[in-house]
1. Percent of alpha carbon pairs in the stretch 60-121 separated by more than 13 Å?
2. Work out from phi, with θ = phi - 60° and the Karplus expression 6.51 cos²θ - 1.76 cosθ + 1.60, the ³J(HN,Hα) of each residue of the stretch 200-211, listed in order in whole Hz, and give x for Gly and Pro.
3. If Lys and Arg each add +1 and Asp and Glu each add -1, what is the summed charge of the other residues whose beta carbon sits under 9 Å from the beta carbon of residue 397?
4. Rounded, prolate or oblate for the stretch 190-262? Axes are the square roots of the Cα gyration tensor eigenvalues, ordered a ≥ b ≥ c, and the cut-off for rounded is a/c under 1.5.
5. Could you pull the Cα extents of the stretch 133-248 along its three principal axes, largest to smallest, in whole Å?
6. Residue 161's amide H: which non-local residues (gap 5+, or another chain) put their own amide H closer than 5 Å, with H modeled 1.01 Å from N in plane and none for Pro or chain starts?
7. With a sphere of radius 11 Å drawn around the Cβ of residue 377, what net charge do the other residues whose Cβ falls strictly inside it have (Lys, Arg +1; Asp, Glu -1)?
8. Under the Karplus relation 6.51 cos²θ - 1.76 cosθ + 1.60, θ = phi - 60°, what is the ordered set of whole-Hz ³J(HN,Hα) values for the stretch 387-401, x standing for Gly and Pro?
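All of the numbers you see were taken from the coordinates with simple rules; none came from a lab. Since we're looking at a predicted model, the values are computed, not measured. We place every Cβ from the backbone using ideal geometry, glycine too, and count neighbours over all the protein chains shown.
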Amino acid sequence: MNFEYTEKTKALIQRVQDFMDVYIYPLEQEVNAFYADPGNLWTVHPKIEALKAQARQAGLWNLFLPKDYGALSPGLTNLEYAPLAELMGRVKWASEIFNCSAPDTGNMEVLARYGNAAQQAQWLQPLLAGTIRSAFLMTEPDVASSDATNVQTAIVADGDDYVINGKKWWSSGAMHPHCKVAILMGKTDFGAQRHVQQSMILVPMDTPGLKVVRPLSVFGFLDSPEGHAEIHLDNVRVPKSNLLQEEGSGFAIAQGRLGPGRIHHCMRLIGAAQRSLELMCERVATRVAFGRTLQDFSSIRQDIARSRCEIEQTRLLVLAAADKMDRHGNKVAKDLIAMIKIVTPAMTQAVVDRAIQAHGGMGVSADTPLAGYWVYARTMRLADGPDEVHMHQLGRDTVKHWTR
């Protein structure tokens, strides 16, 4: 592949960079402080919607969706989107401003690829317009959900409806005040072959029997306003028309959803790592200890050099995965997707840790974004599949490739 960005991509990079410089960075501390205040839990900062309107007016909207949806999406490739997502990843909440934040991106792609016309009209169009938010319900507290075939939530046909019973947690996005719909994965046939027991279904958040039990904290962060919820479903009844595709297609849909979701997280993580390196360089160039600036210490220089190498290596690997997804589809690119999911969060965690160390006490405070970056990177070693699952599958497939 050609690792040089096209003129189109360079122009978009500059436009997103300019928007970040003018609108996002000046508000970063204010918004972060607002969301950290317990009095503002599950409340959207009052300037967010205005920023979203400005981004949409600027044509910087739904940049993630690799299919043309008219005025609502520019239809970029994954390769074109990668550097834009990296820029967004430099500020925790920036992706939402461009309508490019999880779990909505994955849910929109599911609806675009697998939803019928009625489902798209009811849910995809408002999501593309940014007027509602959504949640994704797959992980469960009572089973090892790293194996998605373990899910026990039951989706039982009853006349013209399905009745849903089960428990979900780490339901990202469910606490947001604008969250109106969830995509839920459960089982329609417990006796079928292992990978066709599951189905996915659309569940409006106001459906009777759906109860948000509590928000879950991540290393003490509640991630307001989206949050991660534990949800119980007690005889939740939805029409059969809410089913995505046909019964038994849930596992295949999940695989189709998680490929793009994983690469988007990796793109954003590179942005967090890159900014951490930049902040580390700024810090050590001005801080004096034992009569020398920190940049003059060999250990600091080694940390910076190692970090720069690791970021660039990972960035190129992510671009290679994006290019293969664009050219050949997610299935052909699955090994590269596994590689970036293994490498990128761990790389970001290591780079952020070095930056925290260089900042001393300031590094673990809320005065820089570093602590939030570290939590994000560490969490992504579990989210969308833990490291061990990706390494197990990649190792298995690698052996098969060289011994067939």
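1. 63 percent
2. Values, residue by residue: 10, 9, 8, 10, x, 5, 8, 5, x, x, 8, 10 Hz.
3. Value of the local net charge: +2.
4. In terms of gyration-tensor shape, oblate.
5. Here the Cα extents, ordered largest to smallest, are 40, 28, 22 Å.
6. Hits under the 5 Å cutoff: 240.
7. +2
8. Running phi through 6.51 cos²θ - 1.76 cosθ + 1.60 with θ = phi - 60° gives 3, 4, 5, 5, 5, 4, 5, 5, x, 4, 5, 5, 4, 4, 5 Hz.
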